[in-house]
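Read the figures in this text as sums done on the coordinates, not as results from a lab. Since the structure is predicted, the reported quantities are computational estimates derived from the model, not experimental observations. Positions of Cβ are backbone-derived with ideal geometry, glycine not excepted, and every protein chain shown enters the neighbour counts.
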Protein chains: 4
Amino acid sequence: MINVGLIGYGYWGPNLARNFAETDGARLSAIADGRADRRDAAARRHPGIAACDDALALIDRADVDAVVIATPLDTHFPLAKAAIERGKHVLVEKPFAASKAEAESLATIAEQRDVRLMVDHTFVYNGAVRRIRALIDRGELGELLYLDSVRVNLGLLQHDSNVIWDLAVHDLSIMDYLIDARPVAVSADGTTIGGLGHENVAYVTVHFDSGFLAHFHVNWLAPVKIRQMLLGGSQRMLVYDDTDPSEKVRVYDKGVDVGVKDGETRRQILVSYRTGDMHAPTFDRREALSLVAHEFVEAIAQRRKPLTDAAAGLRVVSLLEAANQSLKAQGRRISL
Amino acid sequence: MINVGLIGYGYWGPNLARNFAETDGARLSAIADGRADRRDAAARRHPGIAACDDALALIDRADVDAVVIATPLDTHFPLAKAAIERGKHVLVEKPFAASKAEAESLATIAEQRDVRLMVDHTFVYNGAVRRIRALIDRGELGELLYLDSVRVNLGLLQHDSNVIWDLAVHDLSIMDYLIDARPVAVSADGTTIGGLGHENVAYVTVHFDSGFLAHFHVNWLAPVKIRQMLLGGSQRMLVYDDTDPSEKVRVYDKGVDVGVKDGETRRQILVSYRTGDMHAPTFDRREALSLVAHEFVEAIAQRRKPLTDAAAGLRVVSLLEAANQSLKAQGRRISL
Amino acid sequence: MINVGLIGYGYWGPNLARNFAETDGARLSAIADGRADRRDAAARRHPGIAACDDALALIDRADVDAVVIATPLDTHFPLAKAAIERGKHVLVEKPFAASKAEAESLATIAEQRDVRLMVDHTFVYNGAVRRIRALIDRGELGELLYLDSVRVNLGLLQHDSNVIWDLAVHDLSIMDYLIDARPVAVSADGTTIGGLGHENVAYVTVHFDSGFLAHFHVNWLAPVKIRQMLLGGSQRMLVYDDTDPSEKVRVYDKGVDVGVKDGETRRQILVSYRTGDMHAPTFDRREALSLVAHEFVEAIAQRRKPLTDAAAGLRVVSLLEAANQSLKAQGRRISL
Amino acid sequence: MINVGLIGYGYWGPNLARNFAETDGARLSAIADGRADRRDAAARRHPGIAACDDALALIDRADVDAVVIATPLDTHFPLAKAAIERGKHVLVEKPFAASKAEAESLATIAEQRDVRLMVDHTFVYNGAVRRIRALIDRGELGELLYLDSVRVNLGLLQHDSNVIWDLAVHDLSIMDYLIDARPVAVSADGTTIGGLGHENVAYVTVHFDSGFLAHFHVNWLAPVKIRQMLLGGSQRMLVYDDTDPSEKVRVYDKGVDVGVKDGETRRQILVSYRTGDMHAPTFDRREALSLVAHEFVEAIAQRRKPLTDAAAGLRVVSLLEAANQSLKAQGRRISL
């Protein structure tokens, strides 16, 4: 039985608490939050759990084997470091860390202390996303050509980070999971509207050597909620619409076949279009976060790397950091 | 009565022919196309009209007062120049010209010869777009914050230009009409898939001094057809979805109000959200191209500049040219 | 403080328990269910509450002032009767009772015992439905012409009632709330598919003297989920789509104006069409069931009839009973 | 070469004219319409065609082998009869005739005169509908359970017939094509709004001995356009949405499997749900009316019955006539 302590009972913490409380092999033993009202709420929902106001005290508890960190971004590094150094396993909310240097440091000391270090890239555990990965693995899409993602809504403006770190982190973690090739550069443009200090509309482009192109539109000031990803392949193309209650993944047997004919006098490019059926596969509808909790507990029990390990966290933070650098450099392409 | 000669009876030409044939004050007198099958088609649809294979001969005809040019892009400049120099009024398909230099040259000689020179920015005459302009003019959107446009589908790959010149030209002409501020720079990224010589997936960002940001996604390789524009304002925001058969324009009484409070120890940013009604106004459903034809004929009759004059054509071509430069410079921001 | 006892902790019971637990002026004191697993679940969610297996014992408890009945339909009458006779206030799940006779009997004895008797017509407390009622009250729709409702999905087949009693009861309760005129007759058609004993596809038509017509399509065997109501008025028409996450109510300024002209030789009917704007008003997004709980508690405290009183329950049960009679009589129109 | 004469150049006539003009093996030789403006329009569109004002004169022409009748309903019978008696082949617009007696009479005399008699049930030639028929033929839907059709919009009120004869005729002709079983009875309800003489909102139910149920909602006074058909089968279910520009036919691998288990003390019904993939097949996108024209010409050339022959017209008119009888009899079920 893994005893789990949770730090942070704000927006996402209650979901983590609920899922760990219902995960076989885990016991939610303690929750820490600096605010009394949140501790009260935690105590009401989870009677019998220790509620404390000091995160370090929670880490030190004997009945805490593993620490889940759901606090503001700038505290991820010190809290995770403290927990790892005390030999605790750690699950960190996304973004994994506030910088590439922090992410690398955490990965190193977790390796040294031989504890499990995992990042909560929740969408990697989403049934629709895993279904898409399976389609790619079976070669149904052919060669991947581009990924285009839109995640916009009228959102809660964050005071401590821009919209890329808040929203694009989801889509970058999905890209990191789906695309085996490694990106070589990032560029980003954005704007800060309304006198707030952080970009609230932004576009991120991720470049690959192969010509594959990934693009992300994130926006806290949109009147409608859009969660749509296009993934173009040479054989098939798909649309992943997370707002569709029934058919989230639609696979289109559509594409362009390009050939070249060397004629008498010149090469001719032959283009033919395929427009075939559309197919919406079913997928696992279980709550992704329950699978996150399960993976964390299993990785600890089996002494193995979790699916979304520190390296995944590092890769995504590297993209985010490069995006921020590009924002400050007029959208210049930043090599990774 | 204005006698109109049309050059080019390929994809768009038949629509121009039909609309000029039905426009009061105009008479469609001649059609030129190099291909015999198209001349035959033109003759069947428009009996009594002269069908010739030589564009210059059409320009020279005494029964042609005004020339409509619907030919491949690289012929716009020589044909328009020839027509203007013979004192004919000219309507050119979009994109207006293949370069800024060509566009400027045409504008200059049309001024010298005192003929009307117009570009067919069709969407500027679209009822939905004109409705949006009216909303802006009445101040209903407040200060404009951003414009985001998506125009993607499985499209006919063009052999003589990239997807920006083929698709984004529509949205840039809409932006040119809706936004009074003048852009200061353009950046663009794209990729060329399938060994074809031109970008078939691309993103264009247009920068303004005010912080207003415009972004365009164009794609010939998308499995679904999307024609969606978001326009964010400080008072209201709207979605223009050209694929929606009934409510193309939706105005949302949504937004974020940002205030600043100077408290005892520090300034606090106060953010409040408005989530009000949605309103889908009706608009003029007439075919935009009929209004294009009407405007051309009226501008000639009244000896005035048309709404989409050479200056509008030049502005949009400048954006397209800058986008191409940015594509070749790794997405670097190109000043206008 | 009203002490509330809940009978039935199956599908809907947990929602009632949660809402009464959070309602000011109420205290959830006891839950009864015959199944041990459900009592355990209730005890875990609501520590400190008496969980008993005997409904009558719950009714008799001194710390139960009001009884909420969420049990199978055929037990509504005996349980409600027992509770009323012990002087307890009663809230009954929909359908109110299994027959018109039962409904009338309950209404009578509640009147005699001077206790509050309420039916949980949840949709009457739904923000969208109340918004529609407000539109009607302000005359925005004009004279009401027809109501057409579709409620279909791949649903849990019920073993103790047909699809009309399971699904149409929602829409009939909405109609009862929105339409002041009283229906005069009901007809129904349906079919029983797959060897089950109850109709799983059915159509109900409700007739009014005025010519107003209401029609209901309910279906447990549909591949898609549809929750759509059209309400036609002489001034405006609306669509209420409960599956739309953002704009559930859409009001169309559309209609037909019919006039009559007496010409020289004959009367002519003049028909003109209005096609104006569409408007999607905002509405109260609070959970309807929380308002149900609030209304029950307030009606008890203020010793007044609740909004959805026994008379409302009786009216809807009368429609359901007539529908069943019509089903058995080849769809013959049954007078009310 | 079949010489075709068209009677009636109002709403639908121009479409028929255009399609016959482009059909191999046919020559559009003459058009008759009582109104001069329509004859002028026909002459402009179809130069070289005889335009006459007298339908009987057209029928008598030597250069008319086949007559297409697109006139008001009450003239179908006399015009078709006159043409058949002169030995001409006849294509009649839907509804085939104003009564079952008329339809039978036409069928008989066409048989006697050995001419081809066809009804323009256009939707039977629609690619989506034929695709559905192919799915049924291949057994993909299993046993058919129900058909539910909605065809509503803000429509042109007809002065000479009710909404059933105007709109439901389409859906009844689709049902007649898709469902091999023969209906045994029809019931209908409707209402007449606005003082017009004919029902403008109506519901038709068609009964079969097998328990299969078909239901049709037609409405001229709806604020939105809906063209949706559900077809439930024991193996799969489908939705045919004619307003969807891309995926009109969606096949759901969903259903309910019902079994019976005889246990110790009682029979138990076992219900299990299947929720599998959704599949949207492609289909022939050609204009249905071009296939109607082709079928008429081919049936004449091959001296065979057309797909939508007089018997099909008769079957649909029988349903319409029974629906009208039911409307007048308070929705009573009318045997066929």
Once the Cα gyration tensor of the stretch B:25-76 is diagonalised, what are the square roots of 5 times its eigenvalues, in whole Å and ordered largest first, as equivalent ellipsoid semi-axes? 16, 15, 10
Residue of chain C whose Cβ sits closest to the axis mapping C onto B, with distance in whole Å: C:H279, 3
Name the long-range amide H neighbours of D:E143: under 5 Å, sequence gap of 5 or more, or other chain; modelled H, no Pro or chain starts. D:S234, D:Q235
Mind listing the label-point distances from D:P245 to the same position on all other copies, shortest first, one decimal in nm, points 7 Å along Cα→Cβ? 1.1, 2.3, 2.5
Give the nm distances, rounded to one decimal, from B:Y11 to the matching residue in every other copy, measuring between label points 7 Å along Cα toward the beta carbon; shortest first. 3.5, 4.3, 5.3
To the nearest whole percent, what portion of all C-alpha pairs in the stretch D:1-115 is separated by more than 25 angstrom? 16
Rounded, prolate or oblate for chain A? Axes are the square roots of the Cα gyration tensor eigenvalues, ordered a ≥ b ≥ c, and the cut-off for rounded is a/c under 1.5. prolate
Candidates C:D120, C:D53, C:D180; GNM for chain C (alpha-carbon contacts under 10 Å) flags as most fluctuating C:D180
Whole percent per 10 Å bin, from 0 to the bin with the longest distance: what is P(r) over all C-alpha pairs of the protein assembly as shown? 1, 7, 13, 17, 20, 18, 12, 7, 3, 1, 0
Volume per residue (Å³) of the convex hull spanned by the alpha carbons of the stretch B:96-218 is 138
Label points for B:E22 built 7 Å along Cα→Cβ; distances to same position in the other copies, nm, shortest first, come to 1.6, 5.7, 6.0
What are the ³J(HN,Hα) values, in whole Hz, obtained from phi via the Karplus relation 6.51 cos²θ - 1.76 cosθ + 1.60 with θ = phi - 60°, for each residue of the stretch A:203-215 in sequence order, with x given for Gly and Pro? 10, 10, 10, 10, 9, 10, 5, 6, x, 4, 10, 10, 9
Which far-off residues, 5 or more places away or on another chain, put their amide H under 5 Å from the one on D:A280, with H placed in the peptide plane? A:M278, A:H279, A:A280, D:V251
How big is the stretch B:154-198 along each principal axis, measuring the range of its Cα positions in Å and listing the largest first? 39, 19, 17
With a point put 7 Å past each Cα toward its Cβ, work out how far A:W12 is from A:R138 in nm, to one decimal. 3.1
Can you give the extra length, in nm with one decimal, that the chain gains between C:D74 and C:K328 once fully stretched, where that is 0.36 nm per residue apart less the Cα-Cα distance? 89.4 nm
Using eta = 0.692 mPa s and T = 37 °C, Stokes-Einstein with Kirkwood Rh from Cα pairs puts D for the stretch B:273-315, in µm² s⁻¹, at 245
Long-range alpha-carbon pairs in the stretch A:200-244, meaning those over 17 Å apart, account in percent for 47
Looking at chain D, send over the antiparallel percent of its DSSP beta bridges, to the nearest 5. 60
Ratio to report: Rg/Rh of the stretch A:116-176, with Cα atoms as the point set and Rh obtained by the Kirkwood method; give two decimals. 1.04
Output wanted: per-residue J couplings in Hz (rounded whole) for the stretch C:25-34, from phi through Karplus 6.51 cos²θ - 1.76 cosθ + 1.60, θ = phi - 60°, x for Gly and Pro. x, 10, 9, 7, 9, 8, 10, 10, 7, x
Describe numerically, in nm with one decimal, the distance between label points set 7 Å from Cα along Cα→Cβ at D:R285 and at C:D24. 6.0
Please list, ordered by chain and number, the residues whose modelled amide H lies under 5 Å from the amide H of C:H215; skip anything fewer than 5 residues away on the same chain. C:L147, C:D148, C:S149, C:V206
Two-decimal Rg/Rh across the stretch A:66-149, once Rg and the Kirkwood Rh are taken from alpha-carbon atoms: 1.12
Using Cα pairs under 8 angstrom and six or more residues apart, how large is the relative contact order of chain D, in percent? 19
Please identify, among B:V169, B:V186, B:V251, the residue showing maximal mean-square fluctuation in a Gaussian network model of chain B using a 10 angstrom Cα cutoff. B:V251
Of all DSSP beta bridges in the protein assembly as shown, what percent run antiparallel (nearest 5)? 65
Can you give me the C-alpha center-to-center distance between the stretch B:75-92 and the stretch C:137-199, rounded to a whole angstrom? 67
Modelled label reach - D:R35, point 7 Å along Cα→Cβ, the stretch D:51-71 residues with backbone N closer than 13 Å: D:71
Karplus couplings for the stretch C:54-68 from phi (6.51 cos²θ - 1.76 cosθ + 1.60, θ = phi - 60°), rounded to Hz, Gly and Pro as x? 10, 4, 5, 4, 4, 4, 7, 4, 5, 8, 10, 8, 9, 10, 10
Compute the FRET efficiency between C:T108 and B:T243 as 1/(1 + (r/R0)^6), taking r as their Cβ-Cβ distance and R0 = 45 Å, and round to the nearest 0.05. 0.15
Choose one answer from A:V239, A:V256, A:V90: the residue with the largest mean-square fluctuation in a GNM of chain A with alpha-carbon springs under 10 Å. A:V256
With each run of n ≥ 4 DSSP H residues scored as -39500 (n - 2.57), what mean residue ellipticity at 222 nm is computed for chain B after dividing by its residue count and rounding to the nearest 500 deg cm²/dmol? -9500 deg cm²/dmol
Among the DSSP H helices of chain A, those whose Cα atoms extend at least 24 Å along the helix axis and whose mean Kyte-Doolittle hydropathy is -1.0 or higher are A:310-328
